[in-house]
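Okay, structure first, notes after.
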Amino acid sequence: MKFLPLVSSVLIVCRIAYGSELPEPASLEKLAKVPASQFTKSINASESPDKRFVAAVGSPDGAAPKWVKTHHGPKDVSYVLESVEGHCRNYLVDMKTDRVTAILEAEHFGTGTQYNHESALHAWSANARWLIEIQSWKWATGPCSLHRINEAGGIVASYDLMTTAREAVAAELAKKGINSAEDYAVSVPSAEVSDGGSITLEVTGEVPKDPDTPFVSLSVRGAATLGANKDLSVKITGSKPME
């Protein structure tokens, strides 16, 4: 059994804006002609260190969406795009020009960082040239991508860090005599990336609701390399259990 992340119940509830039909996603070229503020809202805690770029949630076709204000406390207010999975996109937005510069991998559906069992995390390098985006559910992480970002906010190359996370979990389980990690749900709760492309991931692995299987919690280090053909790769340089 290969574990797949659960879809948050909030996604199921928020399905009014487009009805049952999915809007046709627009190209980056088309979206970049529309002010980003007309169809996106910034995701909390996702700004680049230089305050120029921010991750945002918005409609997939550039149409003005219908937003729902949500309250998680007296001062904790966020906005949710009324949609179901596939009815929203996440973007990278240049806050100076108010334009979308890149289409991201995740489909986090609100401006808050967490809704029920679904969450979003964005980790930047200090020079704003590397970005890690993570979307997780209760038991596992879905999209977990490393992006090389150019000066204009475009994505030069991307790498699926879940490949790295699963490799690390499988190696740790092998030490325990478990030769297959197929049943394991793998999560990346936190991540860091340096200006030089050095990566540190917190990685966990477990078989949900099975207390008889080992729980894996690792600190995984890696090094990203951008090839001459703009192909991005990540090599694990170290892995150790979390204390």
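For the stretch 103-243, what is the Kirkwood estimate of the hydrodynamic radius, computed as the reciprocal of the mean inverse distance between distinct Cα atoms, to one decimal in Å? Here the Kirkwood hydrodynamic radius works out to 15.7 Å.
Quote the relative contact order of the chain in percent (integer), defining contacts as alpha-carbon pairs under 8 Å separated by 6+ residues.
Result for the chain is 15 percent.
With K and R counted +1 and D and E -1, the other residues having a Cβ less than 13 Å from that of PRO214 yield a net charge of -3.
Computed extension length for LYS66-ILE103: 11.3 nm, one decimal, from 0.36 nm per residue of separation with the Cα-Cα distance subtracted. Rounded to the nearest 10 square angstrom, TRP137 shows an accessible area of 30 square angstrom against a 1.4 Å probe. Taken over the stretch 127-175, the alpha-carbon convex hull comes to 84 cubic angstrom per residue. Highest mobility in the GNM of the chain, judged by mean-square fluctuation with C-alpha springs under 10 Å and restricted to SER48, SER59, SER180, is found for SER180. Working note: Cα gyration tensor of the chain, eigenvalues times five, square-rooted, sorted largest first, giving semi-axes of 31, 23, 15 Å. Dipole size of the chain about its Cα centre, with +1 on Lys/Arg Cβ and -1 on Asp/Glu Cβ: approximately 400 debye, rounded to the nearest 20. Summed over qualifying helices (DSSP H, 4 residues or more, each -39500 (n - 2.57)) and divided by its residue number, the chain shows a 222 nm mean residue ellipticity of -2500 deg cm²/dmol. Each of LYS209 and ALA126 was given a label point 7 Å from its Cα along the Cα-to-Cβ line. The distance between the two points is 4.6 nm.
Any idea what angle helix 161-175 forms with the longest principal axis of the chain, computed on alpha-carbon atoms, 0 to 90 degrees, nearest 10? Taking the Cα atoms of the chain, the angle to 161-175 is about 20 degrees. Compactness of the stretch 155-218 was expressed as the Cα radius of gyration divided by 2.2 N^0.38 Å, which yields 1.24. Accessible surface area normalised per residue over the stretch 113-243 is 47 Å², counting heavy atoms of protein chains with a 1.4 Å rolling probe. Within the listed set VAL193, VAL34, VAL169, the Gaussian network model of the chain (springs between alpha-carbon atoms below 10 Å) gives the highest mean-square fluctuation for VAL34. With the simple model of a label 7 Å out from the Cα in the direction of the Cβ, SER233 to TYR79 spans 4.3 nm. The GluC sites (Glu not before Pro) of the stretch 129-236 that meet both conditions, a loop assignment by DSSP and at most 13 other Cβ atoms within 10 Å of the site Cβ, are GLU151, GLU182. Expressed as a whole percent, the accessible area of the chain that falls on carbon and sulfur atoms is 50 (1.4 Å probe).
The values are calculated or read from the model by the stated rules, or taken from the named source; none is laboratory data. No experiment lies behind these values; they were computed from the predicted model shown. Cβ: placed from backbone, ideal geometry, glycine included. Neighbour counts: every protein chain shown. Keep in mind that these areas ignore ligands, DNA and RNA; they rest on the heavy atoms of the full protein, side chains included. Shrake-Rupley method; radii C 1.70, N 1.55, O 1.52, S 1.80 Å.
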